[in-house]
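K.L.:
Sharing a structure below in structure tokens format, with a few things to ask.
Taken together, the values in this text are just the output of simple stated rules run on the coordinates, not laboratory data. The shown structure was predicted, so the numbers you read here are calculated from the model rather than taken from an experiment. Because the Cβ atoms are built from the backbone with ideal geometry, glycine has one as well, and the counts that use them run over all protein chains shown.
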Amino acid sequence: MLGLLALVIRRDLVLAMRRRADILTTLIFFVMVVSLFPLGVGPEMEMLRRMAAGVLWVAALLSSMLSLGRLFSADYQDGTLEQMMLAPQSLSMLVLGKMTAHWMVSGLPLVLMAPVLGLQFDMPAQALGILIVGLLLGTPVLSMIGAIGAALTLGLRGGGVLLSLLVLPLCIPVLIFGTGAVEAITAGLSVASHLSLLGALLVLALVFTPWVTAQALRISME
Amino acid sequence: MLEVSNLACSRGDHRLFSGLGFALHPGQIMQVQGANGSGKTSLLRTLCGFLTPDEGEITWCGKSIRELDEEYYAEMLYLGHLNAIKDELSALENLRISAGLSGVELDEKEAMNALRRMGLRRRERLPTKVLSQGQRRRVALARLLVSDAKLWILDEPLTALDVGAVALIQELVAEHLARHGMVIFTTHQPLEVAGAEMRSLLLS
């Protein structure tokens, strides 16, 4: 079981490393969207500081949408997905491997980049810390929920837009608790409730999304 | 052994075939014949469990393949129209990964030997995007050499292959049948297998 998980993760990471442009576009999109806000709303420090968490989270949400289309489509087009479905191991496990690899190349870079961008908005160190913890808990959920959408829209023409329309509403709870945690810490309140809710979402997603995605893939293959 | 009874399959509103039944025993080979669009690929994909048949049942050693699921997949190998190889990976990496997915741990030497037998000497470490169509097909077919599956389901295995490679596939199929394997395949080219009676199934 774990061998398969490691195999899929390693394979997807190697593929991502040989197609580095894909990782970079997501990251550059994230940096661009975040950097456009101060230019658009003006350099008023107080306002920027208040917006920071929201802007970073929304940008992370949008840029995670960018790479979702590629999660299964390349494997679908060259027939690898067929072979994966015929693997004598659990398809859910295989899907979990693909989700993990996807998060490592599209979610993790955003988490690492976020503190640098947060400084641009003059976020205090404490808020930055909570932002990163929130993103660490939240971005895997985005990848996992996104995978369901990606599996459902597999092989559809213009599936990219449909995918965003399907997935974005489902990501709202992550956005609310993620930004809520940062607001709480700036107001001097406890962040425990927000972070534990994010953690709960992560656990729920870990349990259910691989199975749901596997079923969606089976439907798409018909 | 593989048994199919009263199978019916349709794509959209179009009924491809119905009342189809056959049994494939160890050491037997069957060719599925029919014009373009007669449902050859659909039949093979139904046997893989990708498509749900409208009616009828497919059983493997007496149990429905739906129930067996992973146990059945461990004993079959499917090679479709698509090669299922990644352009960015080398032939060697492709073979080792696809073997790994089907549950066979393959070390580098075994993979190298398989690729060499497929006529890919000195191409093992090249990214497959620089290989020709026929060579890429050979990489995909190398899976036949490293698999221990009993049932081979081959959809047009000979496309893009040259005469030498076709002879090699005939040899591999004959070896597989001698090991009490089973083969069901479609092709538009003649495939002669020494020492085995070729059964054929005509879809119309």
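K.L.:
Which GluC sites (Glu not before Pro) does the stretch A:1-106 hold that lie in a coil by DSSP with at most 13 other beta carbons within 10 Å?
P.N.:
Passing both the DSSP loop test and the Cβ count: A:E44.
K.L.:
Taking the Cβ of B:G80 as the centre, find all other residues whose Cβ is under 11 Å away and add up their charges (Lys, Arg: +1; Asp, Glu: -1).
P.N.:
-3
K.L.:
Would you mind giving the average projected area, over all directions, of the Cα convex hull of the protein assembly as shown in nm² with one decimal?
P.N.:
Spelled out: convex hull of the Cα atoms, projected over all directions, averaged, 22.6 nm².
K.L.:
For chain A, what does -39500 (n - 2.57) per DSSP helix run (n ≥ 4), summed and divided by total residues, give at 222 nm, in deg cm²/dmol to the nearest 500? Intermediate results must be reported in sequence, preceding the final value.
P.N.:
Numbers: 11 runs with 187 residues, N = 222.
When only DSSP H runs of four or more count, the value is -28000 deg cm²/dmol.
K.L.:
Could I ask something else about it? So which of B:K40/B:K63; B:K109/B:K129; B:K129/B:K150; A:K98/B:K63; A:K98/B:K40; B:K63/B:K109 end up more than 26 Å apart by C-alpha?
P.N.:
B:K129/B:K150; A:K98/B:K63; A:K98/B:K40; B:K63/B:K109
K.L.:
Once you mark the trypsin sites (Lys or Arg not before Pro) that are in a DSSP loop and have at most 12 other Cβ atoms within 10 Å, what is the longest gap between them in chain B?
P.N.:
Here the longest run is B:1-120.
K.L.:
Using a/c under 1.5 as the rounded threshold, could you call the stretch A:55-102 rounded, prolate or oblate? The axes a ≥ b ≥ c are square roots of the C-alpha gyration tensor eigenvalues, and prolate needs a/b larger than b/c, oblate otherwise. Provide the component values of the computation, followed by the final result.
P.N.:
Values: a/c = 5.40, a/b = 2.08, b/c = 2.59.
Oblate shape, in that a/c is at least 1.5 and b/c is the bigger or equal ratio.
K.L.:
Another question, then. Using DSSP H assignments, which helices in chain A have an axial alpha-carbon span of 27 Å or above and a mean Kyte-Doolittle hydropathy of -0.5 or higher?
P.N.:
Result, helices passing both filters: A:20-41, A:45-68, A:125-152, A:192-221.
K.L.:
Can you tell me how the stretch A:110-173 classifies by the Cα gyration tensor, rounded, prolate or oblate, using a/c under 1.5 as the rounded cut? Don't skip to the answer; put the middle values down first.
P.N.:
On the way: a/c = 3.35, a/b = 2.63, b/c = 1.27.
Since a/c reaches 1.5 and a/b is larger than b/c, the shape of the stretch A:110-173 is classed as prolate.
K.L.:
Sticking with this structure for a sec: Taking a ≥ b ≥ c as the square roots of the eigenvalues of the Cα gyration tensor of the stretch B:50-107, is the shape rounded (a/c under 1.5), prolate (a/b larger than b/c) or oblate?
P.N.:
oblate
K.L.:
Let me ask another. Using R₀ = 30 Å, calculate the FRET efficiency as 1/(1 + (r/R₀)^6) where r is the Cβ-Cβ separation of A:W211 and A:L156; round to 0.05.
P.N.:
E(calc), rounded to 0.05, equals 0.85.
K.L.:
Oh, and also: Over 22 Å, how big is the tail of the calculated P(r) for the stretch A:2-221, in percent of all Cα pairs?
P.N.:
Counting every Cα pair in the stretch A:2-221, those more than 22 Å apart make up 50 percent.
K.L.:
The stretch B:1-79: which GluC sites (Glu not before Pro) are DSSP loop and have at most 10 other beta-carbon atoms within 10 angstrom?
P.N.:
Nothing satisfies the criteria.
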